[in-house]
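Take a look at the structure below.
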Amino acid sequence: MEFFYVSLLSLFVLLVSLSLHFLFYKSKSGGTLPPGKTGWPVVGESLEFLSTGWKGHPEKFIFDRMVKYSSQVFRTSLLGEQAAVFCGAAGNKFLFSNENKLVQAWWPSSVNKVFPSSTQTSSKEEAIKMRKMLPNFFKPEALQRYIGMMDVIANRHFASSWENNDQVVVFPLSKRFTFWLACRVFVSIEDPNHVAKFADPFDLLASGLISIPIDLPGTPFHRAIKASNFIRKELVRIIKQRKVDLAEGKASPTQDILSHMLLTSDENGKFMAELDIADKILGLLIGGHDTASSACCFIVKYLAELPEVYEGVYK
């Protein structure tokens, strides 16, 4: 159930976050809205959206509305925000070929409570900065340095969690593996015990990020805020120590994204502040927390269901 629920959340992030928010709130043209309904005030259709996930059939929320309203696009209200959900290849092509043209990446305002930025710039400007900074780190020749490390972690992971088991639950194991890799590549945390210290707060953060934004003790949203604050403090501590290690020659300028961020300035020669770097690292970690592991889980699923493909891959 958790696997399909997270898969739907990934779909929600991809399709709804790239929504027609500006049409609902900013457009004065009076254009026609997509078919659908927005449900109850504030809550909208959030309860039904979450309920289908809890029951193990998260796709039902989407499919029901595709049948009732439109197989291409429908209107709803989720997590306190009105949104248009695009369905199918044509909708995806429209969204992803028009980013920053007709549509732009957008998150509900409640997410700012979970990820309070240390800067005064907009999320769009910060995203542009990140895109300028990271290509140098993710160039093929740069990534080649990590192949050996990734292979070592993969072998250790399979030896400790997969081997000698008659049955394995793939999704939580793939999450553990991809999160371990992310910790190593982003901030050089390799010790499994240290990774585990971050794992539980990140689970709380991921589960509460896309939830009804009620900040009361005991709610998923409140737990996500607390987890975010805890992780940010830990990251700041790691950043401070890394600055010392770089100054003393104990750390390499190219060992991970953290060193890259600390030593890379913008076009004005300005370096990022510690809290700003912590924000960026936190965003990268949460961005890879479920998406890559979902992809890995689907690969295992289809290899198991398609033996002819499995044999070809194995050979």
Restricting attention to region 170-200, the residues that are surrounded by fewer than 17 Cβ atoms within 10 Å (Cβ to Cβ) and not in a helix (DSSP H, G or I) number exactly 2
From Gln255, Gln167, which residue is surrounded by fewer than 16 Cβ atoms within 10 Å (Cβ to Cβ) and of a type outside the set (Val, Ile, Thr)? Gln167
In region 85-126, anything among the polar types (S, T, N, Q) and either modelled with pLDDT of 75 or more or open to solvent by 70 Å² or more (accessible area, probe 1.4 Å) (or both) is listed as Asn92, Ser97, Asn98, Asn100, Gln104, Ser109, Asn112, Gln120, Ser123
Of all the residues that make up region 213-225, how many are open to solvent by 30 Å² or more (accessible area, probe 1.4 Å) and touching a residue at least 24 places away in the same chain (Cβ under 8 Å)? 2
Please go through region 278-298 and give me each residue that is small (Gly, Ala, Ser) and either touching a helix residue (DSSP H, G or I) at 6+ places or on another chain (Cβ under 7 Å) or modelled with pLDDT under 85 (or both), ordered by number. Ala278, Gly283, Gly287, Gly288, Ala292, Ser293, Ser294
I'm trying to understand the selection: among the residues of region 201-212, which are closer than 13 Å to Leu50 by Cα and either open to solvent by 60 Å² or more (accessible area, probe 1.4 Å) or assigned to a loop (DSSP other than H, G, I, E, B) (or both)? Ile210, Ser211, Ile212
Return the residues of region 261-294 that are among the aliphatic types (A, V, I, L, M) and open to solvent by 50 Å² or more (accessible area, probe 1.4 Å); say none if nothing qualifies. Leu263, Ala273, Leu275
Going through region 22-38 one residue at a time, which ones are open to solvent by less than 70 Å² (accessible area, probe 1.4 Å) and at pLDDT 80 or above? Pro34, Pro35, Gly36, Thr38
Going through Lys233, Lys250 one at a time, which residue ends up being part of a helix (DSSP H, G or I), of a type in the set (Lys, Arg), open to solvent by 70 Å² or more (accessible area, probe 1.4 Å) and without any contact (Cβ under 8 Å) to a residue 24 or more places away in the chain? Lys233
Single condition Asp245 does not satisfy, out of (1) among the charged types (D, E, K, R); (2) in a helix (DSSP H, G or I); (3) in contact (Cβ under 8 Å) with a residue 24 or more places away in the chain: (3)
Boolean, Phe4 is assigned to a helix (DSSP H, G or I) and at pLDDT below 70: yes
For region 39-71, which positions are of a type outside the set (A, V, I, L, M, F, W, C), in a loop (DSSP other than H, G, I, E, B), more than 23 Å from the chain's Cα centre (by Cα) and surrounded by 15 or more Cβ atoms within 10 Å (Cβ to Cβ)? Gly39, Tyr69, Ser70
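The values are calculated or read from the model by the stated rules, or taken from the named source; none is laboratory data. Because the structure is a prediction, the values reported are computed rather than measured. In this analysis, Cβ positions are derived from the backbone assuming ideal geometry, glycine residues included, and neighbour counts consider all displayed protein chains. To get the accessible areas, we keep the full protein, side chains included, count just its heavy atoms, and leave off ligands, DNA and RNA. Shrake-Rupley method; radii C 1.70, N 1.55, O 1.52, S 1.80 Å.
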